[in-house]
Amino acid sequence: MKETPLSNCERRFLLRAIEERKRLDGRQSYDYRNVRISFGADYGCCIVELGRTRVLGQVSCELVSPKLNRATEGILFFNLELSPMAAPAFEPGRQSDLLVKLNRLLERCLRNSKCIDTESLCVVAGVKVWQIRVDLHLLNHDGNIIDAASIAAIVALCHFRRPDVSVQGEEVTLYTPEERDPVPLSIHHMPICVSFAFFQQGTYLLVDPSEREERVMDGLLVIAMNKHREICTIQSSGGIMLLKDQVLRCSKITGVKVAEITELIQKALENDQKVRKEGGKFGFAESIPNQKISAFKMERAPVDTNDVEEQAEEIITKADPPSDVFAKPILRMPGTAQIGEGIENSWGDLEESEREEEEEGNSDDATTPEGQKMETEEINVVSKTKKDDDTIVLSDSEEEEVVILEPEEREKKTRTHTSTKQENSSSKKAFNKKRKKKRATH
């Protein structure tokens, strides 16, 4: 599924806001989103939240044969997965260009920078070494995947513990955590990536771009650095030309951000270690026994609701009582009424066509007495027949024929009734036509 493209209005709005040094989430140009780190029940499992971007990191190990050209070094393997759960644009089982670029950047940042002592992973030279595998899963995508993935990878490696091993001759003994305490990895430094987005051909610079800002940016610069201000890797994409001063300014900002993030990681690891020694629950593992895992849970605001009823009563007593105003019906003209003042009638007087219809209706009413007389005569005739022979008459309307079931001699009278009705209706129509002609002549 392709991602929904930005409309021209959204694109212009974002670029205009960036020109005015404003961002959609209220941050300044050089501000980093909040970083939150939580650990799982097992060693080497963590979730890193960078704003609304969430990455799950899991480290595992296995005893394997070493590579022929590096018989005394362990093996590091990194794998980042972009699932449709994070964003509908990501397709499962397909290596997109973005995924290949992110995996290569992670390998250069963590493996080529020699942040982990791979020689300490050797058990028997040329026979058995430890293979460390780092799996990263993107849970939610809101921009800047590489920064969140690099933090999750280094945190999971620092938190991981491998089983202890002993070697006697050619026998290798692997101990469980109950027999011997697991051994942490030997980590020299912690490289962390910081991303910079450029707009208007490098005129404007933003740190930690969000997902919408990434869509409208012209270029991206990623710098990986440790807290000693040593650059581990640097990558520029987007085809923009950067000046030396711009790169130096980005490197200075990276040094400040990396120092803050490194301090946060160390505090999170120390707190987790203390909780594990005390035997308490920690991180998102606290919600696993209750089978309740909530994403993006909003923290409750510290609002005291004990004296709410008393405060409400005080406000009601101090407030002015409502005025007793009752709406009365207003008679504008006979036959109509309204409640409240409302708006005046704007229909005006009746039109000429409506007046003519009313006059015709009055003329029809004037002719009704003659028709009523004829109907009364018909009713009298039918009533006389009922008295004489108790005949049954079925009649629904004036236009229908009157059917007499018996005797047969009365059929002639019924026909005369219908003929008189037709004559009356034709006389009415002729009278109305003559009246209309007289009005036209006047």
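The listed residues Leu221, Leu24, once ranked by accessible area (1.4 Å probe) with the largest placed first, stand as Leu24, Leu221.
Couplings 3J(HN,Hα) of segment 183-200, computed from phi: 10, x, 6, 8, 10, 7, 7, 10, x, 10, 8, 10, 9, 10, 9, 10, 10, 6 Hz, in residue order, whole Hz [Karplus 6.51 cos²θ - 1.76 cosθ + 1.60, θ = phi - 60°; x for Gly and Pro]. With all protein chains in place and ligands, DNA and RNA left out, the 1.4 Å accessible area ranks Lys67, Lys257 as Lys67, Lys257, largest first.
Do any of Lys22/Lys274; Lys128/Lys257; Lys22/Lys244 go past 30 Å between their Cα atoms, and which? Too far apart for the 30 Å limit: Lys22/Lys274; Lys128/Lys257. Residues of segment 161-182 with an amide N closer than 11 Å to a point placed 7 Å from the Cα of Lys128 along the Cα-to-Cβ direction: 164-175. Shown for segment 117-184: the carbon plus sulfur share of the solvent-accessible area, taken with all protein chains present and a 1.4 angstrom probe, equals 44%.
Highest mean first, the peptides 85-97, 121-133 sorted by other C-beta atoms within 10 Å per residue fall in the order 121-133, 85-97.
Heavy-atom accessible surface of segment 231-281, averaged per residue, reaches 64 Å², computed with a 1.4 Å probe. Kirkwood radius, segment 95-186, all distinct C-alpha pairs, inverse of mean reciprocal distance: 15.5 Å. Across the accessible surface of segment 1-80, with the other protein chains kept in place and a 1.4 Å probe, carbon and sulfur atoms take up 50 percent. Arg36 sits with roughly 140 Å² accessible to a 1.4 Å probe, with DNA, RNA and ligands left out of the calculation. By accessible area, using a 1.4 Å probe on protein heavy atoms only, segment 209-253 has 52% of its surface on carbon and sulfur. A Stokes-Einstein calculation at 25 °C with viscosity 0.890 mPa s, built on the Kirkwood radius of segment 174-252 over Cα pairs, returns a diffusion coefficient of 165 µm²/s. Sorting 194-200, 312-318 by average packing, meaning the other beta carbons within 10 Å per residue, from highest down gives 194-200, 312-318. In this rough spin-label picture, where each label sits 7 Å from Cα along the Cβ direction, the Gln28-Leu248 distance is 2.2 nm.
Residues His228, His189 ordered from highest to lowest accessible area at a 1.4 Å probe: His228, His189.
The values are calculated or read from the model by the stated rules, or taken from the named source; none is laboratory data. Quick caveat: nothing in here was measured; it's all calculated off a predicted structure. Every residue, glycine as well, gets a Cβ built from its backbone with ideal geometry; the counts of neighbours run over all protein chains shown. Heavy atoms of the whole protein, side chains included, go into the accessibility calculation; ligands, DNA and RNA do not. Shrake-Rupley method; radii C 1.70, N 1.55, O 1.52, S 1.80 Å.
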